[in-house]
1. With the requirement that a residue be crowded, with 17+ Cβ neighbours inside 10 Å, of a type in the set (S, T, N, Q) and not in a helix (DSSP H, G or I), what does the stretch 1-54 give you?
2. Which of the residues belonging to the stretch 207-254 are farther than 14 Å from VAL152 by Cβ, β-branched (Val, Ile, Thr) and touching a Gly at 6+ places or on another chain (Cβ under 7 Å)?
3. Report yes if some residue within the stretch 141-149 is among the aromatic types (Phe, Trp, Tyr) and assigned by TED's automatic domain parsing to the domain that holds LYS4; otherwise report no.
4. Under 9 Å between Cβ atoms, at least 6 apart or on separate chains: pull out the pairs that start in the stretch 3-17 with a residue that is assigned by TED's automatic domain parsing to the domain that holds GLY226 and touching a residue at least 24 places away in the same chain (Cβ under 8 Å) and end on any residue that is among the polar types (S, T, N, Q) and surrounded by 14 or more Cβ atoms within 10 Å (Cβ to Cβ).
5. All but one of (1) buried (at least 17 other Cβ atoms within 10 Å of the Cβ); (2) in contact with a Phe, Trp or Tyr (Cβ under 7 Å, 6 or more places away or on another chain) hold for ILE198; state the number of the condition that does not hold.
6. How many of the residues in the stretch 118-133 are surrounded by fewer than 16 Cβ atoms within 10 Å (Cβ to Cβ) and over 24 Å from ARG89 (Cβ atoms)?
7. Which condition breaks for LYS76 when tested against (1) among the basic types (Lys, Arg); (2) assigned to a helix (DSSP H, G or I); (3) more than 25 Å from ILE240 (Cβ to Cβ)?
8. With ILE100, ILE138, ILE69 as the choices, which residue is free of Cβ contacts under 8 Å to residues at least 24 places away in the same chain and crowded, with 18+ Cβ neighbours inside 10 Å?
Amino acid sequence: MVLKLYGLKTIPLVNKGDDIASLVIDALNNENKSLQHGDIILIAETLVSKAEGNVIHIGDIIPSEESVIIAQKSNKDSKLVEAIIQESREVVEVGDDFIITETKHGFVCANSGIDESNVQEGLATPMPEDADNSAKIIRESLEKKFETELSVIVTDTQGRAFRNGALGVAIGCSGINPLWDRSGEKDLYDCELKTTEIAVADELAASASLLMGQADEGIPIVIVRGYKNFDYLRNVDSNINPILRDKSSDVFRN
């Protein structure tokens with residue numbers, strides 16, 4: 001199997017109200033590319049939030065007493081901390097330079113997923129309000145244009161427990177199951193897999209992150225082509241929920 005990835009280099013800086021599917025189509029035309037059956041379009045969450053007008057003006061925030069206390073413990077600006085709290089269901093842990101929360105969407109990550117990079121000074125972008133729906137709208141528009149089956153994954157950059165460094169993960173998807181349960185299949189030695197689940201959407205997001213980068217690469221959209229299990233995992237009703245571990249089964253919070 002050959003898996004190909006290419007980043008769209010001509011996506012402009014995005015403003016509120018921009019249609020992301022149209023930006024993808026324009027970039028494909030500019031770069032003499034097209035989309036074909038089974039292509040997976042991975043889109044950075046900052047681009048989605050900016051297009052949807054989901055931007056925080058940090059200077060306008062009035063910090064609460066709780067945010068002031070957490071700011072002192074985490075060495076962060078109290079206004080930013082207030083934004084983090086407002087985007088969360090629960091503050092899980094606070095350290096010298098981090099705040100781990102469970103976001104309104106159910107993701108456990110640093111700073112409620114609020115991103116201060118690749119936006120103007122004084123602004124920050126929280127995660128999209130509904131990244132699954134955003135992905136669905138974009139997918140349906142692109143499928144209509146190119147008359148073929150595609151999938152769209154909205155990506156973010158997050159850290160991992162027990163490992164240094166960050167990598168791309170999926171926070172929204174449409175057109176493909178994010179989790180592949182391979183229980184019951186056989187391995188090379190004919191042993192039956194018992195509990196093997198593959199975080200397909202996260203693996204695809206991590207691969208796209210190699211091209212997207214984290215600084216001034218300017219590639220917020222990556223196309224993955226040649227994923228052989230696309231048809232098997234095809235699901236127009238998919239969402240990111242299967243990939244999220246319920247708190248009741250999270251041994252690190254119980």
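1. Residue satisfying the conditions is ASN54 alone.
2. ILE219
3. No: zero hits.
4. As it stands, the answer is LEU3/SER207; LEU5/SER207; VAL14/THR46; LYS16/ASN54, since those pairs meet every condition given.
5. (1)
6. 3
7. With respect to (1) among the basic types (Lys, Arg); (2) assigned to a helix (DSSP H, G or I); (3) more than 25 Å from ILE240 (Cβ to Cβ), LYS76 is out only on (2).
8. ILE100
The values are calculated or read from the model by the stated rules, or taken from the named source; none is laboratory data. In this text, all values refer to a predicted model and were calculated from it rather than measured experimentally. Cβ: placed from backbone, ideal geometry, glycine included. Neighbour counts: every protein chain shown.
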